[in-house]
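Working notes, beginning with the structure itself.
The values are calculated or read from the model by the stated rules, or taken from the named source; none is laboratory data. Predicted model, so just to flag it, every value in this text is computed and none were measured. Here the Cβ positions follow ideal geometry from the backbone for every residue, glycine too, while neighbour counts run over all protein chains shown.
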Amino acid sequence: MKLSIGLFAVLASLIVNASDINTFELSPSDPCSVAVAQPANVADALSLSDVWQQQARIQSIFNDKPKVSIVVDDLGDNSIVAKQLLNLPIKVTAAILPHTPHATKIAQWAADNGHQVIMHLPMEAFSRPDLLGPGALRANMDQQKIEATMTSSAASIPYLRGFNNHMGSLLTEDPQKMRWVMESAKKRGWFFLDSKTSESSVAQIVANQVGLKNISRDIFLDHHTPANISQLDGIILKRFKKALKIAEQRGHVVIICHPYPQTVKFFEQELPKLVENIELVTLSQLVTSVNSHNSGALAGEK
Ligand SMILES: [Zn+2]
């Protein structure tokens, strides 16, 4: 074990020093990316969990498998399905609605099981204000009100690393409101996932302007209507295969799913067969990787 750890440490050191390698998750600003360039004698003191994580990270650097990040939206009201999802042997990002009855408990379960936690921040949509829930940001709010709402919502969920929008087709099209939201998020050290509930969302453009790391949802895995709910198993499988195609072509994909029994069943039964050729990564890993790649590309264009 010691030899193996030492070898990994040396390899990691070489990789960190190689400036021309497009590494994955080596940004010092990301708490997930603990320094992998440990001297061999320090590695002796690492716990088994540290060693496992270190090896997984180094394998990730060498690994050019398509990277897939799974986000579970709308958590907080139903603790039973949430627990089933968070007990699965896959790492997901738990997107929890603020001020919901089980928000704290679910965030704790997620953290205990090695998942990431983000806030699923309700934002006003063009329709169905009844579905927004507490802590929603609305188009009639001024900057002070948005800031106070975000502060109060953030206090209702521990372990937050970032946020994505719940609904928000109206608000994410508003550059002024998005600027206030993204500036507030940046102060909190968060990243942003645009759920892309509007094709005209300016949220990522504004996030880039204020220097907030961000990424976009690619696939809603289990979106359905009351009319086609009986076909949901097939819909989920089809969308997952579509997501894999995106990941193969582009290198990564962000999937959003929901705490539905059919989704839990899919992950339990089908995912092990489908994940052989992909690497499941946390959202912060992907955000860091994609944003450092983008900033490198931008710097190269100057
Ligand atoms: Zn939602």
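Values for this structure:
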quantity	calculated
Selection from segment 187-204 of residues that are in contact (Cβ under 8 Å) with a residue 12 or more places away in the chain, surrounded by fewer than 21 Cβ atoms within 10 Å (Cβ to Cβ) and part of a helix (DSSP H, G or I)	Gln204
The lone exception for Lys145 - which of (1) touching a residue at least 40 places away in the same chain (Cβ under 8 Å); (2) part of a helix (DSSP H, G or I) it fails	(1)
The lone exception for His223 - which of (1) modelled with pLDDT of 95 or more; (2) farther than 21 Å from His115 by Cβ; (3) in contact with a His (Cβ under 9 Å, 6 or more places away or on another chain) it fails	(1)
Every residue from segment 157-171 that is away from the ligand (no atom under 16 Å from the Cβ) and in a loop (DSSP other than H, G, I, E, B)	Pro158, Tyr159
Any chance Ser184 is at pLDDT 95 or above, of a type in the set (Gly, Ala, Ser), within 16 Å of the ligand (Cβ to nearest atom) and surrounded by 15 or more Cβ atoms within 10 Å (Cβ to Cβ)	no
In segment 87-118, the residues that are within 14 Å of the ligand (Cβ to nearest atom) and touching a helix residue (DSSP H, G or I) at 6+ places or on another chain (Cβ under 6 Å)	Thr93, Ala94, Ile96, Pro98
Top-ranked residue in segment 145-163 [being small (Gly, Ala, Ser) and crowded, with 21+ Cβ neighbours inside 10 Å; ranked as nearest to the chain's Cα centre (by Cα)]	Gly162
